[in-house]
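Below is one structure, written out as structure tokens; the observations come after it.
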Amino acid sequence: MLDRLRGESDPITLLRTVPGIGKVIAERAHDELGIETLEELEVAAYDGRLARVLGLGEKRIAGIRDSLASRLGSIRRSAHATPPHEQPPVSEILDIDREYRRKSDQGLLPVIAPRRFNPQHQKWLPILHTLRGDTHYTAVFSNTPRAHQLNKTSDWVVIYYDGRGRERQCTVITAMHGPLAGRRIVRGREEECRHHYIRPVQPIEPRKKIYDGFSI
């Protein structure tokens with residue numbers, strides 16, 4: 001996904017890495033179904049499109065499902081098991097979120113035409129590439145079914161980042177409830193965000209009074 005957003009990946013080559021998907025099927029899956037990722041291929045394997053549109057048999061589809069379950073399962077387990085010390089600080093994530101939304105509002109970002117939920121193929125999705133130290137970040141508004149259902153496509157920001165040989169992602173949203181209502185938070189790291197926003201107030205030293213040239 002990160003390479004695709006950067007424009008550095010070939011979805012047809014990616015689809016052909018799945019056993020049971022040859023060059024012709026990969027091209028048809030991409031051109032006729034708009035499939036560009038393994039996650040989208042998995043959905044199509046279960047919702048009937050591989051059989052209905054591409055004419056694949058049930059045995060072949062079952063093999064594709066099993067292969068994707070094993071491959072994507074290991075990726076998902078790895079993503080959920082990210083050690084805390086490998087996660088960027090929430091302050092950095094929130095800073096990228098601010099940069100993305102500010103530049104998006106100002107029309108300073110290039111826009112891409114997502115295939116999902118975009119029947120007119122309009123270019124509407126702003127994309128940001130930025131660096132913090134040696135970590136590359138890519139930020140886009142969420143284009144998931146849930147984001148569209150809740151009308152959050154201009155609120156939820158998905159941030160992809162790499163480093164230490166791995167690729168990760170997180171989502172920044174506007175909190176709707178609790179002490180952080182109205183604040184931007186990193187989903188799943190709410191407690192860290194609370195500490196980020198709610199900092200102890202430093203006591204103010206009382207002013208010294210001057211009497212006859214002496215301070216007291």
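The values are calculated or read from the model by the stated rules, or taken from the named source; none is laboratory data. Since the model is a prediction, treat every value here as computed from it, not as a measurement. Surface areas here come from the heavy atoms of the whole protein model, side chains and all, with no ligands, DNA or RNA. Shrake-Rupley method; radii C 1.70, N 1.55, O 1.52, S 1.80 Å.
How much accessible surface does Ser104 have with a 1.4 Å probe, in Å² rounded to 10?
Here the residue's solvent-accessible area equals roughly 30 Å².
Karplus couplings for region 99-113 from phi (6.51 cos²θ - 1.76 cosθ + 1.60, θ = phi - 60°), rounded to Hz, Gly and Pro as x?
Residue by residue, region 99-113 yields 4, 4, 5, 5, 5, 5, 4, 8, x, 9, 10, x, 10, 10, 9 Hz.
May I ask you to rank Cys170, Cys193 by accessible area, largest first, using a 1.4 Å probe over the protein chains only?
Solvent-accessible surface, decreasing: Cys170, Cys193.
Please state the shape class of region 84-130: rounded when a/c is under 1.5, otherwise prolate if a/b exceeds b/c and oblate if not, all from the C-alpha gyration tensor.
oblate
What's the extension gain from His177 to Arg132 if we count 0.36 nm per residue and subtract their Cα-Cα distance?
13.2 nm
Quick one: accessible surface of Val111, probe radius 1.4 Å, all protein chains present, in square angstrom to the nearest 10.
60
What ³J(HN,Hα) values, in whole Hz, does the Karplus curve 6.51 cos²θ - 1.76 cosθ + 1.60 give for region 134-148 when θ = phi - 60°, with x put for Gly and Pro?
Couplings: 9, 9, 8, 10, 10, 10, 9, 5, 5, 10, 8, x, 5, 5, 5 Hz.
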